1. Sort through A:Leu302, A:Leu310 and tell me the only one that's within 16 Å of B:Lys260 (Cβ to Cβ), within 14 Å of chain B (Cβ to nearest Cβ) and hydrophobic (A, V, I, L, M, F, W, C).
2. Being among the polar types (S, T, N, Q) and either assigned to a helix (DSSP H, G or I) or open to solvent by 50 Å² or more (accessible area, probe 1.4 Å) (or both) is the filter here, so list the residues in the stretch A:212-254 that pass it.
3. Looking for something at the interface with chain B (Cβ under 8 Å from one of its Cβ atoms) and either open to solvent by 40 Å² or more (accessible area, probe 1.4 Å) or among the charged types (D, E, K, R) (or both) - is there at least one such residue anywhere in the stretch A:278-285?
4. Would you please list the contacts, defined by Cβ atoms under 8 Å and residues six or more apart or on different chains, that run from a residue in the stretch A:52-71 that is free of Cβ contacts under 8 Å to residues at least 40 places away in the same chain and within 22 Å of A:Ile293 (Cβ to Cβ) to a residue that is open to solvent by less than 10 Å² (accessible area, probe 1.4 Å) and of a type in the set (Asp, Glu)?
5. What number goes with the only condition from (1) over 30 Å from A:Asp368 (Cβ atoms); (2) open to solvent by less than 20 Å² (accessible area, probe 1.4 Å) that A:Ala102 does not pass?
6. Taking B:Gly307 and the conditions (1) open to solvent by 20 Å² or more (accessible area, probe 1.4 Å); (2) within 30 Å of B:Pro370 (Cβ to Cβ), which numbered condition does it fall short on, given that it satisfies the others?
7. For the stretch B:168-187, does any single residue satisfy the condition of being within 9 Å of chain A (Cβ to nearest Cβ) and among the small types (Gly, Ala, Ser)?
8. Is it true that A:Phe326 is within 30 Å of A:Ala205 (Cβ to Cβ) and more than 12 Å from chain B (Cβ to nearest Cβ)?
There are 2 protein chains.
Amino acid sequence: MLVEPPRLVHSRVAVNPVNRTFALPHALMLDGGGLLEDAVLAYETYGSLDETRSNAILVCHALTGDQYLASPHPVTGKPGWWTRMVGPGRPIDTDRYFVICANVIGSCMGSTGPASLAPDGRAYGARFPVITIRDMVRALVGLLEGLGIARLHAVVGGSMGGMQALSLAANWPERAARVLVIASTSRHSAQNIAFHELGRQAIMADPHWNGGDYYTGKPPAAGLAVARMAAHITYLSESALTAKFGRNLQDRPDGSKGAKSFAFEADFQVESYLRHQGSGFTRRFDANSYLYITRAMDYFDLAEEHGGHLAAAFGGTAARFCLVSFDSDWLYPTAESRHLVHALNAAGAAVSFVELSAPFGHDSFLLDVPALDRVARGFIG
Amino acid sequence: MLVEPPRLVHSRVAVNPVNRTFALPHALMLDGGGLLEDAVLAYETYGSLDETRSNAILVCHALTGDQYLASPHPVTGKPGWWTRMVGPGRPIDTDRYFVICANVIGSCMGSTGPASLAPDGRAYGARFPVITIRDMVRALVGLLEGLGIARLHAVVGGSMGGMQALSLAANWPERAARVLVIASTSRHSAQNIAFHELGRQAIMADPHWNGGDYYTGKPPAAGLAVARMAAHITYLSESALTAKFGRNLQDRPDGSKGAKSFAFEADFQVESYLRHQGSGFTRRFDANSYLYITRAMDYFDLAEEHGGHLAAAFGGTAARFCLVSFDSDWLYPTAESRHLVHALNAAGAAVSFVELSAPFGHDSFLLDVPALDRVARGFIG
């Protein structure tokens, strides 16, 4: 049931976070064969749903993202992760659209995940079922039903968010009129899986992980920080790292000029940056969620779900698709988007595709790329 | 002093490992300002030194390599790491040349490193001084002096071995007539440093690391395995991983066909492979050596050593250079070799350069690339 009904006011206060939770009315059927009982989704909305409930846009978040799309993160206090894209007058204009973003199941910002209490009153930990991208989307579809939204104006996502948008389009084709997929893929490459496995091994090598049962003790922060460092390298490009840091040395805490320490201090700025990224992440993210969500991403293979034919995933779709890749993204390079475009073409779908030039690597979808804003604004309408 | 003099027999038994050690006659001056007393180099030789001592080739090994270039590794029992390149009739022909390969200082296969006993009778651990590529080469020059070799026919190295070859050419220009540098660089990029820092953080996050003092207890094998996994991904190419593994599932230990486990088993072959690479590595390599050698590589910046001008590193050199890069190497991409070629050109050095097409990524220098064999054979003469 819907815990709190959506407000249908036509407010001009467009950025209008409401910090809601939604309890799925039925047990969630999982691709792994089990059921997840009593699942809850934590979500935010921005803007107002119109009377015909036809102006809703679902934004799906990436691996370590959350529902705080356009409102401050309650733990870090930082602005929402996509304020440049979502807000009044922005490409996804909250003056016109009702924008929904929910924390995926398996995550740790209020939706049911490994840190949630199982029916026995203890945290699930490693007893949480392994989930898939489609399971995440199944829960999101439950939320849309709860909100009374039969058809989205658009579903939008970058990276893992793009996987969810694709999964929604493939498995619930009547649910979205437009599908905007940015810097994403129809399946993980061996190299993608390898980087994720490295991160998982780093977490599981941390003795504090303790088989996933650490919620009453110290969390495996050191392992999670290493996992984050590895992932972070893949989110940037070699040229972005060179432009940002090069071989510059880090100034010392005492203010003195950077110099080689001939020790294992963070001599180089890039070392200091990575350590900071790693440790900061551990304050806002749960290590078990990292395991489960990376696993879901590695399992994602839209063709495999449809008899081995990617085009079959989109048979008969009436949605319009827009795919965007970035030339500096080596995690999900342009070839992955092209592969999707070919399948959409084969399925007779309406699809536009653009590779944008941006220096920031995979993270370009989150950063200052005005061309992306223009593409999104044009496509969303 | 030379512990055991080189045999000057002209044997046709070309692969002729002798498993020697050489004690440096003087304390080794280090770039970090200290002295390393009583340093020993463990080395292998193949072929025979001629009477004029002019047919010697020094091969420098990479980060996790060792002196077992063309003879079985005593720990793993595997063949030498470059038997395709070095041996009778091979491109580096041990019927004609006296080939030397020494374990670098800081490593763990018999040369002095963090696992060696310090003067107080306990292992150095983190008390071992931070060393540089030039320090490694300074020790190798000591070995050449001990062997009575004033000038090498050639110095050869891939990856970190290439850094050593460049350092020898730059700092001891009279020591080598030919310099063959494969898949290497004049300095580490921010991304290279980032991957190394990730590995170091994985090791130091392992509680068994214990500040580097673990030689009487359990070593930080889990952390070292994660570091190796990270590095291993960078040694291959995305296409090599795809060709080798793709998204193929691993058959089960009971012989049943691979299937998604919906657990955290190594479902994908690439996961299984990486875990194997990680754990196998810990049986032959010391975690502290990994810290010290990666640090030396990150510090390497041949231009910085020569007033910020890479060309100045090669001023007045009489050596002939040959540089080889691989199109699939994203660790030290072709641009790094080109940067070196431009500097050598500016210095008026004789240099040839070729980018080879090979599918194996950075590891191509160790693998089946017949074009590399031809280039090496032609250059070595």
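1. Working: A:Leu310 fails: within 16 Å of B:Lys260 (Cβ to Cβ).
When all the criteria are applied, what remains is A:Leu302.
2. The first filter runs over the stretch A:212-254 and keeps only residues among the polar types (S, T, N, Q), leaving A:216, A:234, A:237, A:239, A:242, A:248, A:250.
Across the stretch A:212-254, the qualifying residues are A:Thr216, A:Thr234, A:Ser239, A:Thr242, A:Asn248, A:Gln250.
3. The initial filter retains those residues of the stretch A:278-285 that are at the interface with chain B (Cβ under 8 Å from one of its Cβ atoms), namely A:278.
From what is left, the residues that are either open to solvent by 40 Å² or more (accessible area, probe 1.4 Å) or among the charged types (D, E, K, R) (or both) are none.
No, the stretch A:278-285 contains no residue that is at the interface with chain B (Cβ under 8 Å from one of its Cβ atoms) and either open to solvent by 40 Å² or more (accessible area, probe 1.4 Å) or among the charged types (D, E, K, R) (or both).
4. A:Leu69/A:Glu44
5. All conditions pass for A:Ala102, except number (1).
6. (2) is the only condition that B:Gly307 fails.
7. The initial filter retains those residues of the stretch B:168-187 that are within 9 Å of chain A (Cβ to nearest Cβ), namely B:187.
Retained after the next criterion (residues that are among the small types (Gly, Ala, Ser)): none.
Scanning the stretch B:168-187 turns up no residue that is within 9 Å of chain A (Cβ to nearest Cβ) and among the small types (Gly, Ala, Ser).
8. Numbers: within 30 Å of A:Ala205 (Cβ to Cβ): no; more than 12 Å from chain B (Cβ to nearest Cβ): yes.
No.
The values are calculated or read from the model by the stated rules, or taken from the named source; none is laboratory data. Just so we're clear, the structure is a prediction, and the values are computed from it rather than from any experiment. Quick reminder, even Gly has a Cβ in these numbers, built from the backbone with ideal geometry, and neighbours come from all protein chains shown. What goes into the accessible areas is simple: the full protein's heavy atoms, side chains included, and nothing from ligands, DNA or RNA. Shrake-Rupley method; radii C 1.70, N 1.55, O 1.52, S 1.80 Å.
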